[in-house]
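See structure below.
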């Protein structure tokens, strides 16, 4: 069981933001493994009637027309002749982008797009700063770091992913934060955002000095501990959580860090975040309508994660974000994919960054972003 669990988890997509003592932020990811495992059941495919070439052509012609008609009804300000270059990571923050990426590839998006998918946020942020990308989906705190490093040359336009962190264990006695007293919690990376989030939750419940935090370098190591000792407690992100629980039926989610965060943030609107979407201000100034069109398209794409889960799960596998479709179908609904804009976005993100800043200013680039950071339509 342990070998199967580690084999599956060692390749699942994940990013973790590591903050060094000098304040430099490095983002690392792990690629996705697609080896089949006994514990993940394959779904039986039903034979569907095949379309004729003429029917396929008719459908292909109808889909762009339907998309254009809906966009016109919503007054979406598509800009002809403008191609938006979008960068995303092979992780949860890009799941809500997948339907739009697929539509663009099939010529049924209202705006023209080019997409770049990378395994490390540094690749995306560097390309954005160089002007090689216009819009990027990156970790929430990295957006603040980039704003400070570029002296305000980027703006955040939406929140694309809320919290993806969960505590997993086979210990059924854990039902609240208070039940963690005296326990050991295994997690990845000291000085990473999962570490900061956990410390915030524990300290707010006066438990930080009453638990032991055991740091591992990778999520696969945390998963290995859980495979060996089901009574252990591990802090894992999706889709690792779903994979671990599928592999070992005695494991389950005992605490949801997003809910715990929300319980502590009763005022101000702060939310636990994973990813946001940013834009180069130069592009925003020249093509505001195109950026607004992207926000419309992104929101529609996010909606597809619930309206057409099977299709999005298949796309997540083809993009090597999640290893297998059965895992994707279970994990995606728990990844908190969203598209939050406007004042709600500002309240949620500014509150989140403030918590990180209080824990370690370098985690957000040394200073909290000014109001100019937040794009309000």
Would you mind ranking 352, 357, 215 by Cβ crowding within 10 Å, fewest neighbours first? 215, 357, 352
Where both residues lie in the stretch 157-244, what percent of DSSP beta bridges are antiparallel, nearest 5? 40
Value of relative contact order over the stretch 231-326, rounded to a whole percent, pairs C-alpha under 8 Å and six or more apart: 13
Expressed to two decimals, the stretch 262-301 has a Cα Rg over Rh, using the Kirkwood radius, of 1.16
Given Cα pairs under 8 Å that are at least 6 residues apart, what percent is the relative contact order of the stretch 268-377? 34
Compute and list, largest first, the equivalent-ellipsoid semi-axes of the stretch 132-215 from the alpha carbon gyration tensor, each √(5λ) rounded to a whole angstrom. 34, 14, 11
Can you tell me how the stretch 219-377 classifies by the Cα gyration tensor, rounded, prolate or oblate, using a/c under 1.5 as the rounded cut? oblate
Share of pairwise Cα separations in the stretch 74-181, more than 19 Å, in percent: 56
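Fewest first, what order do 298, 287 take by the number of other Cβ atoms within 10 Å?
On the way: 298 23, 287 19.
Least crowded to most crowded, the residues run 287, 298.
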Cα pairs beyond 21 Å in the stretch 228-313, in percent, come to 60
For the stretch 87-153 and the stretch 212-240, what is the centre-to-centre distance using only Cα atoms, to the nearest Å? 30
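Read-outs: derived from the displayed coordinates by stated rules, not from any lab. Not measured: the values here are computed from a predicted model. FYI the Cβ positions are ideal-geometry reconstructions off the backbone, even for glycines, and counts take in every protein chain you see.
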